[in-house]
1. In percent, what relative contact order does region 297-438 have, based on Cα pairs under 8 Å that are 6 or more apart in sequence?
2. So how far apart, in nm, are the two label points at ASP53 and ASP426 if each is 7 Å from Cα heading toward Cβ?
3. Using the Karplus curve 6.51 cos²θ - 1.76 cosθ + 1.60 with θ = phi - 60°, what ³J(HN,Hα) values do you get for each residue of region 312-329, in whole Hz, with x for Gly and Pro?
4. Along region 445-453, what does the Karplus equation 6.51 cos²θ - 1.76 cosθ + 1.60 (θ = phi - 60°) give for ³J(HN,Hα), rounded to whole Hz, x for Gly and Pro?
5. Rounded, prolate or oblate, given the Cα gyration tensor of region 113-186, with a/c below 1.5 counting as rounded?
6. Is there a quick way to get the dipole size of region 375-415? I mean about its Cα centre, with the Cβ of Lys and Arg at +1 and of Asp and Glu at -1; what is the value in debye to the nearest 20?
7. Report ³J(HN,Hα) in whole Hz for each residue of region 391-404, in order, from the Karplus equation J = 6.51 cos²θ - 1.76 cosθ + 1.60 where θ = phi - 60°; Gly and Pro get x.
8. What length, rounded to one decimal in nm, is gained on full extension from ASP413 through to ILE452, with 0.36 nm per residue of separation minus their alpha-carbon distance?
Amino acid sequence: MTTIKQKKAESYVNNVIEQVKEKNPNQPEFYQAVQEMAHSLIPLFERVPHYMDYAILERMVEPDRMITFRVAWSDDDGVIHVNRGFRVQFNNAIGPYKGGLRFDPSVNESIVKFLGFDQIFKNALTDQAIGGGKGGSDFDPKGKSDMEIMRFTQSFMNELSKYIGPNVDVPAGDIGVGGREIDFMVGQYKRLRGAFEKGAFTGKGIDVGGSLMRTESTGYGAVYFAEQMLKHEESDVEGKKVIVSGAGKVSLYAMEKAVELGATVVACSDSSGYIFNEDGLDVSAIKQIKEEERKQISSYLDYDENATFHEEGRIWEVKCDLAFPCATQNELDEDDAKQLVENGVTAVVEGANMPCTEKAIQYLQNNDVRFGPGKAANAGGVAVSALEMAQNSSRVYWSFDEIDGMLKDIMADIYKKSASAAKEYDVEGDLISGANIAAFKKVADVMVAQGII
Ligand code: NDP
Ligand code: 2IT
């Protein structure tokens, strides 16, 4: 039976979602992220109505600020191009804005805002003092020379440098932005600032002041999270057949860790298609192709004569026990979810941000597939970014094994927090609701303490 408290909470949440739609036309990814978050908070608002009185959710969906700017640069032939740069500084209740930069032609205000909004909660789950932000540009890094990448990132930094700093806003990488791009930004920022502020960026090269394990941390963390989920079912990653979408920073290290723990990774993809080998893919060869040669995934066939490349079709048609979507948002839809269930998948763990559509998630959950939401499962990357900030401030550097130990503990803690919040709010087993409630509570309590701002 629906209680009055429940009705009040539902109508409050629906009202906030409607306002978000009205105030932010044409931002479908942003509504999707807000909707998922807001719906799972109904049980919390029922029990703790003062969050509604303090208008916490209304305040959270409105970023502190959204910065957009022109990025003009010239290519190797002297032709001038103009791109758009973005940084959303969403919420700094618990620490400086923190989140990646994405360079991809699809980047727009909606994408940046969905990522920035989710980042608030992901960062809160790590229990480190980092707020939520995100940014990027509609610049396409594919096929660009190192010098073009350098000129673009310098121009991007000429403007962004005014808004960031180790205690203000600390960018890192995301799609299309890795160590090369971050190090160029560090160089230009240092020049503009006239000071060596290492902690203004994370994901730096090791000699530039980066942390060991930052490169591996998101992918490894997602697999550590999967281990926690499976442990709960008295199962393990060992012996499982795994598929991982993408072949980028997250995907490569999710595959590496899964193989290290005794799984067989039978398929992975990139934007051109997917590769498959029933007996297992050679992850070091894929790393060579994607990280060193910067080529498309079909080149893998030169290394492995038993593998096949599928330009048509979707990776989710491959039979597996565990699926890790690690490429991009909304890459796994309801039809893909049906196919996975038909093929006997037992768990889906999101390495990417919002890779599964709402309908896909519903279908998976209704069919008893264990689901690891991105906000929790891919938080290992930003968690190690916060460890990089800590090392930069203290000027003390930790070993790979020390950081790996901390990452394992952080992922286990995120799992525990999410599972126990789900239990406490009567949605046991639903890690999406659990993660959302635990993260929201942490930020909301600080916002209440800090007053109406
Ligand atoms: P990268 O740019 O390193 O890699 C992205 C990979 O996904 C590339 O291999 C790309 O292909 C592939 N890809 C893109 N679109 C598609 C598609 N439609 N189908 C199949 N493959 C596709 O990015 P990251 O690995 O850093 O990021 C991946 C995801 O993880 C994003 O959602 C990001 O927001 C999220 N994330 C990243 C973190 C990080 O620390 N880097 C932390 C937490 C989340 P191609 O090589 O052909 O371009
Ligand atoms: O989505 C993410 O968490 C990231 N791209 C990493 C952010 C960070 O600041 O390390």
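1. Numbers: 195 pairs, mean separation 23.3, N = 142.
Relative contact order of region 297-438: 16 percent.
2. For ASP53 paired with ASP426, the spin-label model returns 2.2 nm.
3. So the J values, rounded to whole Hz, are 8, x, 10, 4, 5, 7, 7, 5, 7, 8, 10, 10, 10, x, 10, 9, 7, 5.
4. 4, 5, 5, 4, 5, 7, x, 7, 10
5. prolate
6. Result for region 375-415 is approximately 160 debye, rounded to the nearest 20.
7. Per residue, the Karplus-derived 3J(HN,Hα) values read 5, 4, 5, 8, 6, 10, 10, 9, 7, 4, 5, 4, 5, 4 Hz.
8. 11.0 nm
Laboratory data are not the source of any read-out in this text; all were calculated from the coordinates shown. None of the values given here were measured: they were computed from a predicted structure. Cβ atoms come from the backbone with ideal geometry, glycine included; neighbour counts cover every protein chain shown.
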